[in-house]
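These notes concern the structure reproduced below.
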Amino acid sequence: MSKSTAFGLLAKDKSRPLHYRFLKRQRHRANRWMAASSKIPNDPVLDPQQFGWTQPLVQSWQAIRDEALAVYQHLSAIPPLREISPDHRGIMSDNSWRSFFLIGYGNRVEANIARAPRTARLVEAIPGLNSAFFSILAPGSVITPHRGVSKGFVTAHLGLKVPRDREACWMRVDDKRLHWQEGKWLIFDDTYEHEVRNDSDEWRIILLCQVERPLRAPGSWMAAAMMAYIRRSSFVQEAKDNIAEWETSFAKAERGEL
């Protein structure tokens, strides 16, 4: 991470409320409790077969892909993730990672759900779903190494449109380099360092879901408390407001006004 990026993140963090910064500093201790309470392995990469909710989406992956491709037709009106969540600006230097949210931190985006109803029905059946969105990555994109905040979740990627040169489009989680495949899941623990590169000349489209990790007490109590706070935080409200602003642009694109 460059000095300018580090200073930018520090300034951003200091702009957050004191209790936000306190909880962020305590996340490593909380994550240790959740790891000790986990009902599944604490490995960087997880077996999709451990999660019963994965198969229905695999069986319908082509329908999900078709809805994602319909959204992709209005690419310029799909918000970059760094514009929805300014905290992501530290890992992206440009707007090449775009995100079409159906559900974000438990909040439904009704207009987007209406545009992808089959996908929405399928993801809403996932137990413990926190967020679901189409993640669209441009050729040449670089998402720099970073870590997620909470071990209370696992992150799941369902491949929808993968570049033909699969080796040129990859994600590293800890010491494992992974490649997406259409109609298949990659599931991982994002508290391990991870990064993404798309060195191909094609766009990559996946369905990204953030799902609660199966936990026993007391880790489940800690995860629930953290999530209750995050969902009420200014961070989530800011993201909701930004999504609403971009919804206006997407509606105009659909009407041919952009």
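Each reported figure results from applying straightforward, stated rules to the coordinates on display, with no laboratory input. Computed from a predicted structure; not experimentally measured. Because the Cβ atoms are built from the backbone with ideal geometry, glycine has one as well, and the counts that use them run over all protein chains shown.
In the chain, taking the dipole from charged Cβ atoms about the Cα centre, the farthest positive-side position among A228, G159, W203 is held by A228.
Charges at C-beta only: +1 for Lys and Arg, -1 for Asp and Glu. How large is the resulting dipole of the chain about its Cα centre, in Debye rounded to 20?
Around 980 debye, computed over the chain.
Which shape class, rounded, prolate or oblate, goes with the stretch 136-258 when its Cα gyration tensor gives a ≥ b ≥ c as root eigenvalues, a/c under 1.5 marks rounded, and past that a/b bigger than b/c marks prolate?
Details: a/c = 2.23, a/b = 1.14, b/c = 1.96.
It comes out oblate by the Cα gyration axes.
When each pair of different Cα atoms in the stretch 155-210 is counted once in the 1/r mean, what is the Kirkwood radius in angstroms, to one decimal? Walk me through the numbers before you get to the answer.
Details: mean 1/r = 0.0881 Å⁻¹.
It is 11.4 Å.
Counting 0.36 nm for each residue step from R29 to D43 and taking away their Cα separation leaves a gain of 3.3 nm. The Cα atoms of the stretch 41-252 cover 46, 37, 35 Å along the three principal axes, with the biggest extent listed first. Only DSSP H runs of four or more residues enter the estimate; each adds -39500 (n - 2.57), and after division by the residues of the chain the mean residue ellipticity at 222 nm equals -11500 deg cm²/dmol.
With K and R counted +1 and D and E -1, the other residues having a Cβ less than 12 Å from that of V58 yield a net charge of +1. Based on C-alpha pairs under 8 angstrom that are at least 6 apart in sequence, the stretch 41-252 has a relative contact order of 26 percent. Going from the fewest other Cβ atoms within 10 Å to the most, the residues M171, M34 appear in the order M171, M34. Note on the stretch 143-186 and the stretch 55-70: Cα centroid distance 18 Å, given to the nearest whole angstrom. Computed over neighbours whose Cβ is under 11 Å from that of V173, the net charge equals -3, Lys and Arg +1, Asp and Glu -1.
Quick one, could you list the DSSP H helices from the chain stretching 24 Å or more along their long axis (Cα atoms) with average Kyte-Doolittle hydropathy of -1.0 or above? For the chain, where a helix must reach 24 Å along its axis and average at least -1.0, the hits are 234-254.
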